[in-house]
1. So which of A:I191, A:I209, A:I253, A:I187 ends up being in contact (Cβ under 8 Å) with a residue 12 or more places away in the chain and in a helix (DSSP H, G or I)?
2. Return the residues of segment A:89-114 that are out of contact with any helix residue (DSSP H, G or I) (no Cβ under 9 Å at 6 or more places or on another chain), open to solvent by 60 Å² or more (accessible area, probe 1.4 Å) and within 11 Å of chain B (Cβ to nearest Cβ); say none if nothing qualifies.
3. Check A:G165, A:G181, A:G199 and return the single one that is modelled with pLDDT under 95 and either in the same structural domain as A:L55 (by TED's automatic domain parsing) or in contact with a Pro (Cβ under 8 Å, 6 or more places away or on another chain) (or both).
4. From the set of residues in segment A:38-69 that are farther than 20 Å from A:N89 by Cβ and in a helix (DSSP H, G or I), which is nearest to the other protein chains (Cβ to nearest Cβ)?
5. Taking B:E20, is it under 14 Å from A:I47 (Cα atoms) and modelled with pLDDT under 90?
6. Taking B:L47 as meeting all but one of (1) modelled with pLDDT of 90 or more; (2) open to solvent by 80 Å² or more (accessible area, probe 1.4 Å); (3) touching a strand residue (DSSP E or B) at 6+ places or on another chain (Cβ under 9 Å), write down the number of the exception.
7. Identify the residue in segment B:14-36 that is open to solvent by less than 30 Å² (accessible area, probe 1.4 Å) and among the hydrophobic types (A, V, I, L, M, F, W, C) and, among all such residues, is farthest from the other protein chains (Cβ to nearest Cβ).
Amino acid sequence: MEIFIQSAAQISIQNPLCEDWFETPIIPTLPYNRSIEPDYKQFILPIASRRMGKLIKRAIATSLSALKQADIQELDAIITGTGLGCVENTEKFLSAMVKEGEEFLQPTFFMQSTHNTISSQVALFLKCNGYNCTYSHRGTSFESALSDAFIQLKLGKIKNALVGGQDEMTPDYFNMLGKIGYWKTEISPEILQTSNSNGSFAGECSAAITLGTEQKEQSLCKLHDVELLYKPSKERMQEVLQDMMTQANISSIDAVMLGISGDQKNDDIYKDFAETFFANKPICWYKNIFGESFTAPGFGVYTAATCLKKGIIPQHLRYNNIQEQELRTILVYNHFQNKDHSLILLSKC
Amino acid sequence: MEELILELKKEIIEVLNLEEITPEDIDTDAPLFGEGLGLDSIDALELMMLMQKNYGIKVDNSEKGKEIFKSIRVMAEFISNNRTK
């Protein structure tokens, strides 16, 4: 059974709910960046959205947008990956607890401070009683959610799924991560590409993609496989890559989408991967325009799927200068702290 | 009393995050629940916390709560007579 990415939508530090980033990206210059918010009133009535934190509103807006693009009326599953959940409300709730004790805790912040609030609020909004699950696996949360959807579609348990990657970056959390060297002080495309220092820049992620078993005119690409590996050896990685390509009947990968972010410690792993398995292949990146977040790999899949649909890779997503002969397959590779690794194989419809 | 009513309206707008509603939009004598502002049971919990935190009034009886939260004016009168803060 073939699986297709039917549609995708994003709210990020790029212009929201559109593909402006493909031709005219916003170039980040600061280490801390919040998402650009769309007008939520076109999706949610103010009276319904008043209890929703920013992340919930973003999740609903991207979900509705992706479902509309894919023309999905009946949704079988909502699966969300989130590293931190609704951390803004968690902070409000915990701060109130520290300041006021346990007597004056506001119920709304408590209710919306859990990780699985996102998936459940989307389900309530869509009136979807289907499978609902949340994966909170830090840097591989999105891929875990995608893997769940992929397996269920392959097994025929569902016919379509909405998969989200949702994370926000609060000022406090940004500052905390800064203390352990997560961020650079200066950001530019040149610095991100040539820096020998650790740290990158922060973004926020709200990516929603729909999957289905039926190819449609608007389908973005085929999703052949999702593999999650824990501390794989090079031999194991080679074996899995070969298996993925054999299963998909693909003889060659045309481009590789990596989570390179300008953080030398992380980027060295990606460069080693590229040199070992994909020397002389076009290497692409996406964190240079979307920033770093636990679910940023959601943007990796989103950008790769968009490139396949359009048939080109824009210059600002190219990390090296090697050109592909044709663009039919993209492998998305991500790792988190060189422990959790993910491989996602996509091809043109 | 009018000062307290205005203060209360502002606090309710803030705590319930009533976007695009100003104190002038809230009818002082209209029911808070069902009609009027159309608040629900979670809002009732938020209002109970507001009463306790800002005015030192603990509302732990739901029947009593129904009476107190009848309208902004009723709330303000109850606060005026029972506040400890």
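The values are calculated or read from the model by the stated rules, or taken from the named source; none is laboratory data. Not measured: the values here are computed from a predicted model. Positions of Cβ are backbone-derived with ideal geometry, glycine not excepted, and every protein chain shown enters the neighbour counts. In case anyone asks, the SASA skips ligands and DNA or RNA and just uses the protein heavy atoms, side chains included. Shrake-Rupley method; radii C 1.70, N 1.55, O 1.52, S 1.80 Å.
1. Values: A:I209 fails: in a helix (DSSP H, G or I); A:I253 fails: in a helix (DSSP H, G or I); A:I187 fails: in a helix (DSSP H, G or I).
Sole residue among the options that is in contact (Cβ under 8 Å) with a residue 12 or more places away in the chain and in a helix (DSSP H, G or I): A:I191.
2. Scanning segment A:89-114 gives a single hit, A:K99.
3. Details: A:G165 fails: modelled with pLDDT under 95; A:G199 fails: modelled with pLDDT under 95.
A:G181 is the lone residue from the list that is modelled with pLDDT under 95 and either in the same structural domain as A:L55 (by TED's automatic domain parsing) or in contact with a Pro (Cβ under 8 Å, 6 or more places away or on another chain) (or both).
4. Looking only at segment A:38-69, we keep the residues that are farther than 20 Å from A:N89 by Cβ, and these are A:38-39, A:41-42, A:45, A:64-69.
Narrowing the set further to residues that are in a helix (DSSP H, G or I) leaves A:41-42, A:64-69.
On the way: A:K41: 9, A:Q42: 14, A:L64: 19, A:S65: 21, A:A66: 25, A:L67: 25, A:K68: 24, A:Q69: 27 Å.
Across segment A:38-69, the extreme among qualifying residues is A:K41.
5. Values: under 14 Å from A:I47 (Cα atoms): yes; modelled with pLDDT under 90: yes.
Taking the combined requirement at face value, the residue satisfies it.
6. The single condition B:L47 does not satisfy is (2).
7. Going through segment B:14-36, the residues open to solvent by less than 30 Å² (accessible area, probe 1.4 Å) turn out to be B:16, B:18, B:23, B:26, B:28, B:30, B:32.
Retained after the next criterion (residues that are among the hydrophobic types (A, V, I, L, M, F, W, C)): B:16, B:18, B:26, B:30, B:32.
On the way: B:L16: 6, B:L18: 6, B:I26: 14, B:A30: 15, B:L32: 14 Å.
The selected residue is B:A30.
Per-residue answers, yes or no, for (1) basic (K, R); (2) open to solvent by 10 Å² or more (accessible area, probe 1.4 Å):
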{"site": "A:I5", "(1), (2)": "no, no"}
{"site": "A:L17", "(1), (2)": "no, yes"}
{"site": "A:P25", "(1), (2)": "no, yes"}
{"site": "A:L30", "(1), (2)": "no, yes"}
{"site": "A:R34", "(1), (2)": "yes, yes"}
{"site": "A:I47", "(1), (2)": "no, yes"}
{"site": "A:A61", "(1), (2)": "no, no"}
{"site": "A:L67", "(1), (2)": "no, yes"}
{"site": "A:G81", "(1), (2)": "no, no"}
